[in-house]
Amino acid sequence: QVRLVESGGGLVQPGGSLRLSCAAPGIIISIYFMGWYRQAPGKQRELVAIMANDGSTNYLDSVKGRFTISRDNAKNTVYLQMNSLKPEDTAVYYCHMAVAGRDYWGQGTQVTVSS
């Protein structure tokens, strides 16, 4: 059974940083694509960052140079380091992976960027 457990959201001032974590107990995450999505109120969920099983990454244009996705295979955990945060980054952030054609999502963690 795939379970994704997120942590690390919160309230931060513009220009600040947060690191989100997504733990996948018992899953060899290195063989899967792992992604972070976000959904702001009244907007569709969008892909923020993705890491392929070969370690390559891709980012939403608006977060390039500010966000970094990484993983720790020994801890079965994927991270999203978010720097230079802006109010428009405010959203609920979700971890995602697809296993055998089925989508799995974390519970979501709120990120609020406000002064």
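The values are calculated or read from the model by the stated rules, or taken from the named source; none is laboratory data. This structure is a prediction, so every number in the text was calculated from the model and none was measured. Ideal geometry is used to build each Cβ from the backbone, glycine not excepted, and the neighbour counts take in all protein chains shown. Note: areas computed on protein heavy atoms with side chains; ligands, DNA, RNA excluded. Shrake-Rupley method; radii C 1.70, N 1.55, O 1.52, S 1.80 Å.
Numbers below:
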| read-out | value |
| --- | --- |
| Counted residues, the range 1-33 - those being part of a strand (DSSP E or B) and hydrophobic (A, V, I, L, M, F, W, C) | 7 |
| Enumeration of residues in the range 34-54 that are among the basic types (Lys, Arg) and either in a strand (DSSP E or B) or touching a Pro at 6+ places or on another chain (Cβ under 6 Å) (or both) | ARG38 |
| Some residue of the range 25-45 being over 15 Å from the mean Cα position of the chain (by Cα), open to solvent by 50 Å² or more (accessible area, probe 1.4 Å), more than 22 Å from GLN110 (Cα to Cα) and free of Cβ contacts under 8 Å to residues at least 12 places away in the same chain | no |
| Search result, residues across the range 71-80 that are in a strand (DSSP E or B) and either of a type in the set (Lys, Arg) or open to solvent by 60 Å² or more (accessible area, probe 1.4 Å) (or both) | ARG71 |
| Residues satisfying the stated conditions in the range 74-95, i.e. under 13 Å from SER21 (Cα atoms) and out of contact with any Pro (no Cβ under 8 Å at 6 or more places or on another chain) | LYS75, THR77, VAL78, TYR79, LEU80, GLN81, MET82, TYR93, TYR94, CYS95 |
| Looking only at the range 47-70, and only at residues there that are open to solvent by 60 Å² or more (accessible area, probe 1.4 Å) and under 18 Å from LEU4 (Cα atoms), the one that is modelled with the highest pLDDT | LEU47 |
| Scope the range 89-115; condition in contact with a strand residue (DSSP E or B) (Cβ under 8 Å, 6 or more places away or on another chain), of a type in the set (D, E, K, R) and either open to solvent by 10 Å² or more (accessible area, probe 1.4 Å) or part of a loop (DSSP other than H, G, I, E, B) (or both); matching residues | ASP103 |
